[in-house]
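The values are calculated or read from the model by the stated rules, or taken from the named source; none is laboratory data. Keep in mind it's a predicted model, so treat the numbers as computed, not measured. FYI the Cβ positions are ideal-geometry reconstructions off the backbone, even for glycines, and counts take in every protein chain you see. Just so you know, the surface numbers come from the protein's heavy atoms only, side chains and all, with ligands and any DNA or RNA stripped out. Shrake-Rupley method; radii C 1.70, N 1.55, O 1.52, S 1.80 Å.
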Amino acid sequence: MLLHIPAILTPEQVVQCRAVLEKADWIDGRATAGYRSAEVKDNQQLAEGDPVGRQIGEIIVAALNRSALFMMAALPRKLVPPLFNRYQGGQNYGGHVDGAIYPIYGTPGRLRTDLSATLFLTPPEEYDGGELVVTDTYGGHRVKLPAGDMILYPGSSLHHVQPVTRGARIASFMWIESMVRDDGERTILFDLDRSIQELNATVPGNADVLRLTGIYHNLLRRWANT
Ligand code: NI
């Protein structure tokens, strides 16, 4: 499932994050790439543990925790602290697949990258190119979102970032381990949850809605690892 989650950050938060990131210490993005990805990766990133990144990362994680849509879709179990990248002057990231296991910075723990997320921080009119292209069985999906919006996609996807030919594109990205590791099962739960909420609003107190809610929880109990 490829899901666009609008307005994770408010316009004021985007302005605040961008102001701090403008002055941050950007380093070569190959520092966090595996040996295969390093050959196709050309961007800049903040170092893991960079104090600016940690500060903004906390704002983003708090916003994710408040997002009902993110919670319903990701059913998160663990997140890595958000990371940040910048592309400018033709920089791009060629086709790659994210590593399956990622260490959680500052802890001895690690997570399985069930979901990848990109949170756009630069308004699309400020740069050319820079589309995130996620390929699934239906072909390539080009994603370029308003600042503050997020795209959530399966960690197993082949994806790339098109060259940025004007301006600079700054984004935050992160990986999420879900309580439900399988994308197909997670998608069923998400669709069911959304339908139940719609039905609850249209026919409140309906006995069948109650039964569907029971089915949702029984499936979640069957598939989830906490
Ligand atoms: Ni990637």
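Data overview
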| read-out | value |
| --- | --- |
| Anisotropy class of the stretch 183-223 from Cα gyration tensor, a/c 1.5 cut | oblate |
| Pair-distance profile P(r), taking every C-alpha pair of the stretch 3-178, with 5 angstrom steps and integer % | 2, 8, 18, 23, 24, 17, 7, 1, 0 |
| Fraction of accessible area attributable to carbon and sulfur, the stretch 3-178 (%, probe 1.4 Å) | 55 percent |
| Computed E for R112/R18 - FRET, C-beta separation, R0 35 angstrom, nearest 0.05 | 0.65 |
| Average Cα contact separation per residue, the stretch 3-178, under 8 Å, 6 or more apart, as relative contact order % | 30 percent |
| Nearby aspartates and glutamates by direct alpha-carbon distance to K23 (threshold 16 angstrom, same-chain neighbours under 8 apart not counted) | D50 |
